[in-house]
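Chemist: Dropping a structure here in C-alpha coordinates format, bear with me for questions.
The values are calculated or read from the model by the stated rules, or taken from the named source; none is laboratory data. In this text the structure is predicted, and so the values were computed from the model without any measurement. As a convention, Cβ positions derive from the backbone with ideal geometry for all residues, glycine included, and neighbour counts pool all protein chains shown. Only protein heavy atoms, including side chains, enter the accessible area calculation; ligands, DNA and RNA are left aside. Shrake-Rupley method; radii C 1.70, N 1.55, O 1.52, S 1.80 Å.
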Amino acid sequence: SGNNTQFTIAFSQCIGDDAWRETMLDEMKRELSFYPDIEFIYRDAGGDNQKQIQQIKEVLEQDIDLLIVSPNEAEPLTPIVDSVFQKNIPVIVTDRKTSSGLYNAYVGADNLAIGKLAGQFMAHTLNGQGQIGIVTGLKGTSASIERKKGLLDALDSAGNVRLGVEIQSDWERHTAYEQSKQHIEQLLEQDIILAFNDQMAFGVIQALREAGENYKRVIGIDALPGEGNGLSEIVNGTLFASMLYPTGGTEAIRTAMAILQRKPYKRDNILGTVVINQDNAGLMMLQSNKIQEQQEDIDKRQELIVEQNKIYRNQQTTLNVLITSLVLA
Ligand code: FRU
(Lines give C-alpha, C1' and ligand atoms only; values in the text may rest on other atoms or scores of the structure.)
Protein backbone atom coordinates (compact mmCIF):
# COMPACT_ATOMS: atom_id res chain seq x y z
CA SER A 1 0.00 0.00 0.00
CA GLY A 2 1.09 3.59 0.37
CA ASN A 3 1.01 4.98 -3.16
CA ASN A 4 -2.04 6.25 -5.02
CA THR A 5 -2.69 3.48 -7.47
CA GLN A 6 -2.71 0.50 -5.14
CA PHE A 7 -4.75 0.25 -1.95
CA THR A 8 -5.42 -2.61 0.40
CA ILE A 9 -8.88 -2.98 1.93
CA ALA A 10 -9.48 -5.51 4.69
CA PHE A 11 -12.96 -6.78 5.48
CA SER A 12 -13.53 -8.41 8.86
CA GLN A 13 -16.83 -10.31 8.82
CA CYS A 14 -18.33 -11.49 12.11
CA ILE A 15 -19.77 -14.67 10.65
CA GLY A 16 -19.45 -15.60 6.99
CA ASP A 17 -21.36 -18.82 6.75
CA ASP A 18 -24.86 -17.47 6.14
CA ALA A 19 -26.88 -16.50 3.08
CA TRP A 20 -27.30 -12.87 4.04
CA ARG A 21 -23.58 -12.34 4.57
CA GLU A 22 -22.68 -14.31 1.45
CA THR A 23 -24.85 -11.85 -0.46
CA MET A 24 -22.99 -8.97 1.19
CA LEU A 25 -19.64 -10.41 0.11
CA ASP A 26 -20.88 -11.05 -3.44
CA GLU A 27 -21.96 -7.42 -3.68
CA MET A 28 -18.57 -6.27 -2.44
CA LYS A 29 -16.68 -8.42 -4.92
CA ARG A 30 -18.84 -7.25 -7.78
CA GLU A 31 -18.21 -3.61 -6.90
CA LEU A 32 -14.50 -4.32 -6.38
CA SER A 33 -14.25 -5.78 -9.88
CA PHE A 34 -14.39 -2.18 -11.13
CA TYR A 35 -11.15 -1.49 -9.24
CA PRO A 36 -8.64 -4.14 -10.33
CA ASP A 37 -5.84 -2.35 -8.48
CA ILE A 38 -7.40 -2.86 -5.07
CA GLU A 39 -6.13 -5.68 -2.92
CA PHE A 40 -8.94 -7.18 -0.85
CA ILE A 41 -8.30 -9.16 2.31
CA TYR A 42 -11.29 -11.05 3.67
CA ARG A 43 -11.49 -12.63 7.15
CA ASP A 44 -14.43 -14.60 8.56
CA ALA A 45 -14.51 -14.81 12.37
CA GLY A 46 -17.15 -17.56 12.49
CA GLY A 47 -19.16 -15.73 15.15
CA ASP A 48 -16.26 -15.72 17.63
CA ASN A 49 -15.36 -12.36 19.27
CA GLN A 50 -11.81 -13.40 20.21
CA LYS A 51 -11.17 -14.72 16.73
CA GLN A 52 -12.39 -11.50 15.16
CA ILE A 53 -10.12 -9.44 17.43
CA GLN A 54 -7.18 -11.67 16.49
CA GLN A 55 -7.97 -11.44 12.78
CA ILE A 56 -8.12 -7.64 12.91
CA LYS A 57 -4.71 -7.62 14.63
CA GLU A 58 -3.33 -9.84 11.88
CA VAL A 59 -4.62 -7.73 8.99
CA LEU A 60 -3.18 -4.64 10.68
CA GLU A 61 0.26 -6.19 10.23
CA GLN A 62 -0.36 -6.36 6.49
CA ASP A 63 -0.30 -2.58 6.21
CA ILE A 64 -3.91 -2.07 5.20
CA ASP A 65 -5.29 1.27 3.99
CA LEU A 66 -8.85 0.81 5.22
CA LEU A 67 -10.86 -1.55 7.40
CA ILE A 68 -14.45 -2.59 6.82
CA VAL A 69 -15.83 -4.40 9.84
CA SER A 70 -19.10 -5.98 10.88
CA PRO A 71 -18.41 -6.51 14.58
CA ASN A 72 -19.78 -9.69 16.13
CA GLU A 73 -20.69 -8.31 19.57
CA ALA A 74 -20.31 -4.58 20.18
CA GLU A 75 -18.53 -4.37 23.56
CA PRO A 76 -15.76 -6.95 23.03
CA LEU A 77 -14.89 -5.61 19.56
CA THR A 78 -14.86 -1.93 20.47
CA PRO A 79 -11.26 -1.58 21.77
CA ILE A 80 -9.60 -3.17 18.74
CA VAL A 81 -11.74 -1.29 16.19
CA ASP A 82 -11.10 1.95 18.11
CA SER A 83 -7.37 1.29 18.00
CA VAL A 84 -7.49 0.94 14.20
CA PHE A 85 -9.33 4.24 13.95
CA GLN A 86 -6.82 5.88 16.29
CA LYS A 87 -3.98 4.72 14.03
CA ASN A 88 -5.61 6.91 11.37
CA ILE A 89 -6.62 3.93 9.30
CA PRO A 90 -10.15 4.68 8.03
CA VAL A 91 -12.83 2.39 9.47
CA ILE A 92 -16.19 1.59 7.89
CA VAL A 93 -18.62 -0.18 10.20
CA THR A 94 -21.33 -2.17 8.50
CA ASP A 95 -24.63 -3.74 9.71
CA ARG A 96 -23.53 -4.13 13.36
CA LYS A 97 -21.77 -1.40 15.31
CA THR A 98 -19.19 -1.04 18.06
CA SER A 99 -20.17 0.94 21.14
CA SER A 100 -17.88 3.96 20.84
CA GLY A 101 -18.92 5.65 17.62
CA LEU A 102 -15.26 5.86 16.55
CA TYR A 103 -15.53 5.17 12.84
CA ASN A 104 -15.37 7.13 9.60
CA ALA A 105 -18.58 5.77 8.15
CA TYR A 106 -21.47 3.45 8.95
CA VAL A 107 -23.20 1.55 6.17
CA GLY A 108 -26.42 -0.28 6.93
CA ALA A 109 -30.09 0.06 7.69
CA ASP A 110 -31.35 1.75 10.86
CA ASN A 111 -32.07 -1.14 13.23
CA LEU A 112 -33.97 1.05 15.66
CA ALA A 113 -36.30 2.07 12.83
CA ILE A 114 -36.64 -1.56 11.75
CA GLY A 115 -37.71 -2.64 15.25
CA LYS A 116 -40.20 0.20 15.34
CA LEU A 117 -41.57 -0.63 11.91
CA ALA A 118 -41.99 -4.29 12.90
CA GLY A 119 -43.84 -3.23 16.08
CA GLN A 120 -46.17 -0.90 14.20
CA PHE A 121 -46.84 -3.52 11.58
CA MET A 122 -47.73 -6.14 14.20
CA ALA A 123 -49.92 -3.72 16.16
CA HIS A 124 -51.73 -2.88 12.94
CA THR A 125 -52.10 -6.56 12.00
CA LEU A 126 -53.60 -7.29 15.45
CA ASN A 127 -55.92 -4.26 15.30
CA GLY A 128 -54.27 -2.87 18.40
CA GLN A 129 -55.06 -5.84 20.61
CA GLY A 130 -53.04 -8.93 21.47
CA GLN A 131 -49.85 -10.62 22.59
CA ILE A 132 -46.62 -10.81 20.67
CA GLY A 133 -43.73 -13.17 21.15
CA ILE A 134 -40.18 -12.24 20.21
CA VAL A 135 -37.05 -14.23 19.46
CA THR A 136 -34.04 -11.93 19.69
CA GLY A 137 -30.56 -12.14 18.15
CA LEU A 138 -27.27 -12.71 19.97
CA LYS A 139 -27.33 -10.62 23.13
CA GLY A 140 -24.41 -8.22 22.63
CA THR A 141 -24.99 -7.47 18.95
CA SER A 142 -26.01 -3.90 18.23
CA ALA A 143 -28.56 -5.07 15.65
CA SER A 144 -30.46 -7.07 18.27
CA ILE A 145 -30.22 -4.40 20.97
CA GLU A 146 -31.48 -1.70 18.60
CA ARG A 147 -34.25 -3.80 17.07
CA LYS A 148 -35.60 -4.58 20.53
CA LYS A 149 -35.46 -0.96 21.62
CA GLY A 150 -37.32 0.14 18.48
CA LEU A 151 -39.91 -2.56 18.99
CA LEU A 152 -40.56 -1.54 22.61
CA ASP A 153 -40.85 2.10 21.51
CA ALA A 154 -43.54 1.12 19.02
CA LEU A 155 -45.43 -0.98 21.57
CA ASP A 156 -45.45 1.94 24.01
CA SER A 157 -47.85 3.73 21.72
CA ALA A 158 -49.67 0.71 20.34
CA GLY A 159 -52.68 0.48 22.65
CA ASN A 160 -53.28 -3.02 23.96
CA VAL A 161 -50.51 -4.88 22.23
CA ARG A 162 -48.09 -6.34 24.75
CA LEU A 163 -45.01 -8.49 24.88
CA GLY A 164 -46.05 -12.02 25.81
CA VAL A 165 -42.83 -13.98 25.70
CA GLU A 166 -39.22 -13.19 24.88
CA ILE A 167 -36.74 -15.85 23.84
CA GLN A 168 -33.12 -14.73 23.98
CA SER A 169 -31.55 -16.42 20.95
CA ASP A 170 -28.44 -16.01 18.76
CA TRP A 171 -29.46 -15.35 15.11
CA GLU A 172 -29.15 -19.05 14.20
CA ARG A 173 -32.01 -21.12 12.83
CA HIS A 174 -31.18 -24.32 14.72
CA THR A 175 -30.87 -22.53 18.08
CA ALA A 176 -34.20 -20.77 17.56
CA TYR A 177 -35.74 -24.12 16.63
CA GLU A 178 -34.46 -25.87 19.78
CA GLN A 179 -35.50 -22.97 22.00
CA SER A 180 -38.93 -22.81 20.37
CA LYS A 181 -39.46 -26.48 21.12
CA GLN A 182 -38.59 -25.80 24.77
CA HIS A 183 -41.01 -22.85 24.97
CA ILE A 184 -43.64 -24.22 22.64
CA GLU A 185 -46.58 -23.80 25.04
CA GLN A 186 -45.85 -20.10 25.52
CA LEU A 187 -45.31 -19.58 21.80
CA LEU A 188 -48.64 -21.18 20.99
CA GLU A 189 -50.36 -18.58 23.20
CA GLN A 190 -49.02 -15.64 21.17
CA ASP A 191 -51.10 -13.91 18.51
CA ILE A 192 -48.05 -13.13 16.43
CA ILE A 193 -44.32 -13.86 16.69
CA LEU A 194 -41.41 -11.71 15.58
CA ALA A 195 -38.04 -13.38 15.14
CA PHE A 196 -35.22 -10.86 14.79
CA ASN A 197 -34.11 -12.47 11.51
CA ASP A 198 -35.72 -14.73 8.91
CA GLN A 199 -33.47 -17.70 9.67
CA MET A 200 -34.71 -17.80 13.27
CA ALA A 201 -38.27 -17.30 12.02
CA PHE A 202 -37.84 -20.51 9.98
CA GLY A 203 -36.72 -22.31 13.16
CA VAL A 204 -39.80 -21.04 15.02
CA ILE A 205 -42.10 -22.07 12.15
CA GLN A 206 -40.59 -25.55 12.07
CA ALA A 207 -41.15 -26.01 15.83
CA LEU A 208 -44.73 -24.70 15.56
CA ARG A 209 -45.50 -27.06 12.68
CA GLU A 210 -44.13 -30.02 14.58
CA ALA A 211 -46.55 -29.04 17.36
CA GLY A 212 -49.42 -29.11 14.85
CA GLU A 213 -49.70 -25.33 14.43
CA ASN A 214 -49.63 -24.28 10.77
CA TYR A 215 -51.34 -20.90 10.87
CA LYS A 216 -49.50 -18.86 13.47
CA ARG A 217 -48.27 -15.58 12.04
CA VAL A 218 -44.47 -15.47 12.18
CA ILE A 219 -42.54 -12.41 11.05
CA GLY A 220 -38.84 -12.10 10.33
CA ILE A 221 -36.25 -9.52 9.31
CA ASP A 222 -33.98 -9.52 6.19
CA ALA A 223 -36.36 -10.49 3.32
CA LEU A 224 -33.34 -11.72 1.39
CA PRO A 225 -33.93 -12.66 -2.26
CA GLY A 226 -32.92 -16.12 -3.47
CA GLU A 227 -34.27 -19.64 -3.22
CA GLY A 228 -35.26 -20.65 0.32
CA ASN A 229 -34.60 -17.18 1.75
CA GLY A 230 -37.09 -14.77 3.31
CA LEU A 231 -38.56 -13.20 0.21
CA SER A 232 -39.49 -16.48 -1.48
CA GLU A 233 -40.87 -17.84 1.81
CA ILE A 234 -43.25 -14.88 1.97
CA VAL A 235 -44.34 -15.47 -1.61
CA ASN A 236 -45.08 -19.13 -0.85
CA GLY A 237 -46.95 -18.22 2.34
CA THR A 238 -44.60 -19.76 4.93
CA LEU A 239 -43.43 -16.48 6.42
CA PHE A 240 -46.13 -13.90 7.18
CA ALA A 241 -43.92 -10.84 6.60
CA SER A 242 -40.37 -9.55 6.91
CA MET A 243 -38.64 -6.20 7.22
CA LEU A 244 -36.23 -5.65 4.31
CA TYR A 245 -32.66 -5.44 5.63
CA PRO A 246 -30.29 -4.67 2.74
CA THR A 247 -26.75 -6.04 3.12
CA GLY A 248 -25.04 -2.85 1.93
CA GLY A 249 -22.07 -4.63 0.34
CA THR A 250 -22.07 -2.35 -2.70
CA GLU A 251 -22.41 0.82 -0.62
CA ALA A 252 -19.61 -0.28 1.71
CA ILE A 253 -17.14 -0.58 -1.18
CA ARG A 254 -18.35 2.68 -2.75
CA THR A 255 -17.79 4.45 0.56
CA ALA A 256 -14.38 2.81 0.93
CA MET A 257 -13.34 4.03 -2.52
CA ALA A 258 -14.56 7.55 -1.79
CA ILE A 259 -12.49 7.63 1.40
CA LEU A 260 -9.38 6.22 -0.28
CA GLN A 261 -9.67 8.55 -3.27
CA ARG A 262 -10.29 11.50 -0.95
CA LYS A 263 -13.68 12.23 -2.40
CA PRO A 264 -16.59 13.47 -0.29
CA TYR A 265 -18.51 10.78 1.60
CA LYS A 266 -21.19 10.60 4.28
CA ARG A 267 -20.58 9.39 7.82
CA ASP A 268 -23.97 7.71 8.08
CA ASN A 269 -25.12 5.78 5.05
CA ILE A 270 -28.56 4.59 6.09
CA LEU A 271 -30.10 2.03 3.75
CA GLY A 272 -33.86 2.08 3.30
CA THR A 273 -36.24 -0.51 4.67
CA VAL A 274 -39.83 -1.53 4.04
CA VAL A 275 -42.34 -4.13 5.22
CA ILE A 276 -42.56 -7.04 2.81
CA ASN A 277 -45.69 -9.18 2.99
CA GLN A 278 -48.10 -10.98 0.66
CA ASP A 279 -49.10 -7.63 -0.89
CA ASN A 280 -45.72 -6.69 -2.31
CA ALA A 281 -43.50 -9.79 -2.11
CA GLY A 282 -44.34 -10.88 -5.66
CA LEU A 283 -43.40 -7.49 -7.05
CA MET A 284 -40.19 -7.46 -5.02
CA MET A 285 -39.32 -10.89 -6.33
CA LEU A 286 -39.82 -9.82 -9.96
CA GLN A 287 -37.64 -6.80 -9.40
CA SER A 288 -34.89 -8.67 -7.64
CA ASN A 289 -34.84 -11.30 -10.41
CA LYS A 290 -34.54 -8.50 -12.95
CA ILE A 291 -31.67 -6.93 -11.04
CA GLN A 292 -30.00 -10.31 -10.78
CA GLU A 293 -30.18 -10.70 -14.57
CA GLN A 294 -28.69 -7.26 -15.10
CA GLN A 295 -25.91 -8.04 -12.64
CA GLU A 296 -25.03 -11.18 -14.56
CA ASP A 297 -24.89 -9.04 -17.69
CA ILE A 298 -22.50 -6.63 -16.02
CA ASP A 299 -20.38 -9.57 -14.83
CA LYS A 300 -20.12 -10.86 -18.40
CA ARG A 301 -19.07 -7.45 -19.68
CA GLN A 302 -16.47 -7.20 -16.94
CA GLU A 303 -15.04 -10.58 -17.93
CA LEU A 304 -14.89 -9.46 -21.55
CA ILE A 305 -12.95 -6.35 -20.56
CA VAL A 306 -10.47 -8.45 -18.59
CA GLU A 307 -10.10 -10.77 -21.62
CA GLN A 308 -9.55 -7.81 -23.95
CA ASN A 309 -6.88 -6.43 -21.65
CA LYS A 310 -5.07 -9.76 -21.66
CA ILE A 311 -5.12 -9.92 -25.45
CA TYR A 312 -3.90 -6.35 -25.62
CA ARG A 313 -1.02 -7.08 -23.23
CA ASN A 314 -0.04 -10.18 -25.23
CA GLN A 315 0.02 -8.17 -28.43
CA GLN A 316 2.18 -5.58 -26.68
CA THR A 317 4.72 -8.26 -25.73
CA THR A 318 4.72 -9.72 -29.21
CA LEU A 319 5.26 -6.26 -30.63
CA ASN A 320 8.11 -5.57 -28.22
CA VAL A 321 9.82 -8.85 -29.12
CA LEU A 322 9.43 -7.97 -32.80
CA ILE A 323 10.88 -4.48 -32.33
CA THR A 324 13.80 -5.81 -30.30
CA SER A 325 14.66 -8.38 -32.97
CA LEU A 326 14.42 -5.74 -35.69
CA VAL A 327 16.72 -3.42 -33.78
CA LEU A 328 19.22 -6.21 -33.22
CA ALA A 329 19.11 -7.25 -36.86
C1 FRU B 1 -26.78 -12.45 9.43
C2 FRU B 1 -27.66 -11.73 10.38
C3 FRU B 1 -28.89 -11.24 9.68
C4 FRU B 1 -29.31 -10.14 10.59
C5 FRU B 1 -27.98 -9.52 10.88
C6 FRU B 1 -27.91 -8.77 12.15
O7 FRU B 1 -25.63 -12.92 10.06
O8 FRU B 1 -28.00 -12.57 11.45
O9 FRU B 1 -29.84 -12.24 9.50
O10 FRU B 1 -30.22 -9.30 10.03
O11 FRU B 1 -27.05 -10.58 10.89
O12 FRU B 1 -26.62 -8.29 12.40
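Chemist: So for F40, F7, what's the accessible-area order with a 1.4 Å probe, most first?
Modeler: Greatest to least solvent exposure: F40, F7.
Chemist: Please list R313, R30, R21 in order of solvent-accessible area, largest first, computed with a 1.4 Å probe with all protein chains present.
Modeler: R313, R30, R21
Chemist: Next up: Anyone know which of G16, G130, G212 comes out most mobile in the 10 Å Cα GNM of the chain?
Modeler: Among G16, G130, G212, the largest GNM mean-square fluctuation belongs to G212.
Chemist: Additional query: Taking loop as defined by DSSP and a crowding limit of 16 other beta carbons within 10 Å, which GluC sites (Glu not before Pro) in the stretch 1-72 fit?
Modeler: In loop regions of the stretch 1-72 (DSSP not H, G, I, E or B), the sparsely surrounded GluC sites (Glu not before Pro) are E61.
Chemist: Restricting to DSSP H runs of at least four residues, report the calculated mean residue ellipticity at 222 nm for the chain, -39500 (n - 2.57) per run over all residues, nearest 500 deg cm²/dmol.
Modeler: -16000 deg cm²/dmol
Chemist: Using a 1.4 angstrom probe with every protein chain in place, what is the largest-first accessible-area order of T238, T141?
Modeler: Working: T238 35, T141 0 Å².
Ranking T238, T141 by accessible area, largest first, yields T238, T141.
Chemist: If eta is 1.567 mPa s and T is 4 °C, what Stokes-Einstein diffusion coefficient results for the stretch 232-282, Kirkwood Rh from Cα pairs, in µm²/s?
Modeler: The estimated diffusion coefficient comes to 99 µm²/s.
Chemist: Another question, then. Using the alpha-carbon centroid of each, what span in Å lies between the stretch 158-182 and the stretch 107-141?
Modeler: Cα centroid to Cα centroid, the span is 12 Å.
Chemist: Could I ask something else about it? Would you tell me the accessible area of V59, worked out with a 1.4 angstrom probe on the heavy atoms of the protein chains, in Å² to the nearest 10?
Modeler: 0
Chemist: Compute the normalised compactness of the chain: alpha-carbon radius of gyration over 2.2 N^0.38 Å, N being the residue count.
Modeler: Details: Rg = 23.3 Å, N = 329, 2.2 N^0.38 = 19.9 Å.
This ratio for the chain stands at 1.17.
Chemist: Taking N as the number of residues in the stretch 1-116, what is its alpha-carbon radius of gyration divided by 2.2 N^0.38 Å?
Modeler: Numbers: Rg = 13.8 Å, N = 116, 2.2 N^0.38 = 13.4 Å.
In units of the globular-protein estimate, the stretch 1-116 measures up at 1.03.
Chemist: What is the antiparallel percent of DSSP beta bridges lying wholly in the chain, to the nearest 5? Mind dumping the intermediate values first?
Modeler: Numbers: 3 of 43 bridges.
Among the beta bridges of the chain, antiparallel pairing accounts for roughly 5 percent.
Chemist: Please report how far the C-alpha centroid of the stretch 188-220 lies from that of the stretch 4-52, rounded to the nearest whole angstrom.
Modeler: 32
Chemist: With the full set of protein chains in place, find how many percent of the accessible area of the stretch 1-98 is carbon and sulfur; take the probe as 1.4 Å.
Modeler: C and S fraction of accessible area: 44 percent.
Chemist: Taking 0.36 nm per intervening residue step and subtracting the Cα-Cα distance, what contour gain separates S325 from D26 on full extension?
Modeler: Full extension of this stretch gives 103.0 nm more.
Chemist: From the C-alpha gyration tensor of the stretch 155-267, pull out the three semi-axes of the equivalent ellipsoid (sqrt of 5λ each), sorted largest to smallest, in whole Å.
Modeler: In descending order, the three semi-axes are 34, 17, 13 Å.
Chemist: Hey, another quick one. Quote the convex hull volume per residue of the stretch 194-329, based on C-alpha atoms, as a whole number of Å³.
Modeler: 161
Chemist: What is the packing order of peptides 274-286, 164-176, 299-311, taking the mean over residues of other C-beta atoms within 10 Å and listing the highest first?
Modeler: 164-176, 274-286, 299-311
Chemist: Determine the equivalent ellipsoid of the stretch 105-172 by diagonalising the alpha-carbon gyration tensor, then write out the semi-axes as square roots of 5 times the eigenvalues, largest first, rounded to whole Å.
Modeler: 22, 15, 8
Chemist: Please identify every one of the trypsin sites (Lys or Arg not before Pro) in the stretch 45-133 that sits in a loop by DSSP and has no more than 14 other beta carbons within 10 Å of its own beta carbon.
Modeler: Passing sites in the stretch 45-133 are K87.
Chemist: Using a 1.4 angstrom probe on heavy atoms only, work out the carbon and sulfur share of the accessible area of the stretch 160-241 in %.
Modeler: Values: 1500 of 3540 Å².
For the stretch 160-241, the apolar C and S fraction of the accessible surface comes to 42 percent.
Chemist: Then there's this: With every protein chain left in place, what is the accessible area per residue of the chain in square angstrom, probe 1.4 Å? Kindly include the intermediate steps, with their values, before the conclusion.
Modeler: Values: 16430 Å² over 329 residues.
Solvent-accessible surface per residue comes out at 50 Å².
Chemist: Based on Cβ point charges of +1 for Lys and Arg and -1 for Asp and Glu, what charge dipole magnitude is obtained for the chain about its Cα centre, in debye rounded to the nearest 20?
Modeler: Using only the charged Cβ atoms, the result is roughly 740 debye.
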